Amino acid sequence: MKPWQGRIPFIVLISALLFLSVPAFGLFHPLIAGGPYRGRVIDAETKQPLEGAVVLAVWENKTPGVAGYGYSYLDSEEVLTDENGRFIVGRHPPTSLVPAWVAGPRITAFYPGYGFYPYFHISPRGSTREHLEMMQKQELSIELPCLKTRAERLRVIGEALPLEVPRKKIPNLMRLINIESKAIGIPPYKE
């Protein structure tokens, strides 16, 4: 028997534990999210502000695992845009208490009769990661298109509700989605 035989599993175990513990101590990724994030929601055609649009920020725990990363809901914050279409989210970002790091936020902007950010918007161009970086430095204008057909509105409403967020955390989003549901003739969601 060679001297290293029988020790490899122990070395592999220690290496794996060290690799998995690095994110838990925040050496490579933060345990707290960045922020705040500033923006303005406007009509893509008229460039007028959309007062009362819902902006939702969702943060997740990102936990390393054997087959990649696992994500789980951490927290969310919902705000309404002001009379100028402006919003700020993430003034007090969540922290993760589990051996993970904070992923996000994932930001959604919704207003009845319009496309929603980040999937059905006109501008800004680029990735959502780039948008988050810009929103931390300066106000980012989000242009939402007015939807023309019932089919467009059905598609948007079917994708606007984040299923992982507890309903009690999104009362305004639920209210606006139900306004849109009524406008296009479908049953409202239970709040």
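Read the figures in this text as sums done on the coordinates, not as results from a lab. Computed from a predicted structure; not experimentally measured. All Cβ positions, glycine included, derive from the backbone under ideal geometry; neighbour counts span all protein chains shown.
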Based on alpha-carbon positions alone, could you give the equivalent ellipsoid semi-axes of the stretch 31-183 from the gyration tensor, as √(5λ), descending, whole Å? 27, 18, 14
Local electrostatic count at T46 - Lys and Arg +1, Asp and Glu -1, tallied over other residues with Cβ under 15 Å: -1
Starting from the coordinates of the alpha-carbon atoms of the stretch 128-191, obtain the Kirkwood hydrodynamic radius over all distinct pairs and give the value in Å to one decimal. 13.8 Å
Contour minus Cα-Cα distance for L154 and D82 (0.36 nm per residue): 23.3 nm
Cross-link partners of K169 among lysines (Cα-Cα below 16 Å; sequence separation of 8 or more within a chain): K190
Dipole of the stretch 31-183, positive end: most advanced residue of V79, L161, P118 [Cβ charges, Cα centre]: L161
